[in-house]
Amino acid sequence: FRRRLAGWFRRAGRDLPWRRTRDPYRILVSELMLQQTQVSRVVEFYERFLETFPTLGHVALAPRRKVMESWEGLGYYARAGNLHALSREVHATRGGMLPAAADELRELPGIGAYTAGAVSSFAFERRAALVDTNVARVIARVFAPRLKPRRPRDFKRLWALAASLLPRTGKAAWTHNQALMELGALICTARVKRCADCPVRATCLSRE
């Protein structure tokens, strides 16, 4: 499963700006923006926001109002408020440096389990699991069709499955996690299952 998934991602993965960097701040901004927002819309705002706030320190030293204004048009403004609060805490208590471990990232304002895993994996190449809607759907369809991602108990089991699927190294986990998300976004979508195009259909318990 991992081998086929990774091979497909190297061939078919989209070239997105946050995939070209390992800068923790830039990864964090992308992950916050991608919450509840389509990729195409985030691409429009991402670089523009980073031009205004090129580092976490710039966010920390800016008035909250300025950060909120720069987020205007993207929606879900609590994300911008969380970024501002987080930046000030990191600036005041961590020397302006985001921690690498997922459990430490979760201690910061507005950072949940998924975002912590994403930043740890994508910025620091740590061996960290992450489960969002796309990942939960893919893992459930492939390995556990009876699990319902919307049920809290089943969602917790999907987290355990995601952790068990991780490659041994953090660098390989970067590709693996990106590929899982990409598969859910492009092939194994909520509305359509493009099983004929799926690279892991041979191991999928829900294939059509």
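Some notes on this structure:
- Qualifying residue in segment 102-111 (condition: β-branched (Val, Ile, Thr), touching a helix residue (DSSP H, G or I) at 6+ places or on another chain (Cβ under 6 Å) and under 29 Å from residue 173 (Cα atoms)): yes
- All positions within segment 3-15 that are surrounded by fewer than 17 Cβ atoms within 10 Å (Cβ to Cβ) and assigned to a helix (DSSP H, G or I): 3, 4, 7, 10, 11, 12
- Highlighted here are the helices (runs of 4 or more DSSP H) found entirely within segment 16-86 that include at least 2 residues which are open to solvent by 50 Å² or more (accessible area, probe 1.4 Å) and touching a Pro at 6+ places or on another chain (Cβ under 9 Å): 39-52.
- Filter pass, residue 118 being modelled with pLDDT of 95 or more, under 21 Å from residue 168 (Cα atoms) and open to solvent by 20 Å² or more (accessible area, probe 1.4 Å): no
- Looking across segment 155-188 at every residue that is touching a residue at least 40 places away in the same chain (Cβ under 8 Å) and hydroxyl-bearing (Ser, Thr, Tyr), the one that is farthest from residue 119 (Cα to Cα) is identified as 169.
- The lone exception for residue 96 - which of (1) outside any loop (DSSP other than H, G, I, E, B); (2) touching a Leu at 6+ places or on another chain (Cβ under 8 Å); (3) not basic (Lys, Arg) it fails: (1)
- Segment 126-150, residues that are part of a loop (DSSP other than H, G, I, E, B) and within 13 Å of the chain's Cα centre (by Cα): 128, 129, 130, 131, 132
- Qualifying residue in segment 57-72 (condition: within 18 Å of the chain's Cα centre (by Cα) and hydroxyl-bearing (Ser, Thr, Tyr)): no
The values are calculated or read from the model by the stated rules, or taken from the named source; none is laboratory data. In this text the structure is predicted, and so the values were computed from the model without any measurement. When we count neighbours, we look across all protein chains shown, and the Cβ atoms used for this are built from the backbone with ideal geometry, even at glycine. Side chains included, ligands, DNA and RNA excluded: accessible areas come from the protein's heavy atoms. Shrake-Rupley method; radii C 1.70, N 1.55, O 1.52, S 1.80 Å.
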